[in-house]
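J.: Mind having a look at this structure? Questions to follow.
Laboratory data are not the source of any read-out in this text; all were calculated from the coordinates shown. Since the structure is predicted, the reported quantities are computational estimates derived from the model, not experimental observations. Positions of Cβ are generated from backbone atoms using ideal geometry, with glycine treated the same way; all protein chains shown enter the neighbour counts.
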Amino acid sequence: MESSDTTLFVCVTCRAQTTDAPQADLPRPGARLLAAINAVPEAQRAGLAIEPVECLSNCNRSCTVAVSAPGKWTYVLGTLDPDLHVDDVLTFARAHRAHEAGLPAWRTRPEYIRKNTISRVPPLPSRAPDEVSSQ
Ligand code: FES
């Protein structure tokens, strides 16, 4: 089995962007997004660790995920619908994984993801241990 070197964090506490009253008997859209991603055939998730997380601080543009890997840029993606955007999220996550710096070419990103990228964060700079302790 292939190791998972890229993590797809899925906010399971995201709520729907609607003025309708929440339906208490239904799982939150974030939890539904996680379930939908986990229901995709494993081959489409190869190399990805799928991790639930509570709040990525993008509540006003939910649902939200983040794609991250050691030494790579981290991307936060939002305005995701669990019924519509699972393939787009996984396509982006695979492209992120395939790029050595986590910077997939613009043309390889699904259009919806291009328009709903909330932020990107550079990888941590590598420092020698004595540099870290002196700061
Ligand atoms: S609850 Fe999902 S980003 Fe805050």
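J.: May I ask you to compute the full-extension gain from residue 53 to residue 106, defined as 0.36 nm times their residue separation minus their alpha-carbon distance, rounded to one decimal in nm? Before the final figure, lay out the partial values.
T.: Values: separation 53, 0.36 × 53 = 19.08 nm, distance 2.69 nm.
In short, 16.4 nm is gained.
J.: With a ≥ b ≥ c the root eigenvalues of the C-alpha gyration tensor of the chain, is it rounded (a/c under 1.5), prolate (a/b larger than b/c) or oblate? Numbers along the way, then the final one.
T.: Working: a/c = 1.87, a/b = 1.51, b/c = 1.24.
Taking the square roots of the gyration eigenvalues as a ≥ b ≥ c, the chain is prolate.
J.: Between helix 29-39 and the chain, what is the angle of the helix's C-alpha long axis to the longest principal axis, kept within 0 to 90° and rounded to the nearest 10?
T.: 70
J.: Most mobile of 121, 65, 76 per a Gaussian network model of the chain (Cα springs, under 10 Å)?
T.: 121
J.: Excluding the sites themselves, what is the longest stretch of the chain that contains no GluC sites (Glu not before Pro) in a DSSP loop with at most 16 other C-beta atoms within 10 Å?
T.: Value returned for the longest uninterrupted segment is 3-53.
J.: So how far apart, in nm, are the two label points at residue 17 and residue 35 if each is 7 Å from Cα heading toward Cβ?
T.: 2.3
J.: Let me ask you something else. Let me spell out the model: positive unit charges on the Cβ of Lys and Arg, negative unit charges on the Cβ of Asp and Glu, origin at the Cα centre of the chain. What dipole size does that give, in debye rounded to 20?
T.: Numbers: 14 positive and 15 negative charges, 81 e Å.
The calculated dipole for the chain is roughly 380 debye.
J.: May I pose another question? Identify which of 79, 108, 64 has the largest mean-square fluctuation in a Gaussian network model of the chain, with springs joining Cα atoms closer than 10 Å.
T.: 108
J.: Another question about this same structure. For residue 60 paired with residue 87, estimate the spin-label separation in nm (one decimal), with each label point 7 Å from Cα along the Cα-to-Cβ line.
T.: Simple spin-label model gives 3.2 nm for this pair.
J.: Next question. Pick from 124, 80, 48: which residue has the top mean-square fluctuation in a GNM of the chain where Cα pairs under 10 Å get a spring?
T.: 124
J.: Taking only Cα atoms, what is the 0 to 90° angle, nearest 10, from helix 86-98's long axis to the longest principal axis of the chain?
T.: Tilt relative to the chain: about 10 degrees.
J.: Where in segment 62-135 are there trypsin sites (Lys or Arg not before Pro) that are in a DSSP coil and have at most 11 other Cβ atoms within 10 angstrom of their Cβ?
T.: Numbers: sites: 72, 94, 97, 107, 114, 115, 120, 127; in loops: 72, 127.
Answer in residue order: 127.
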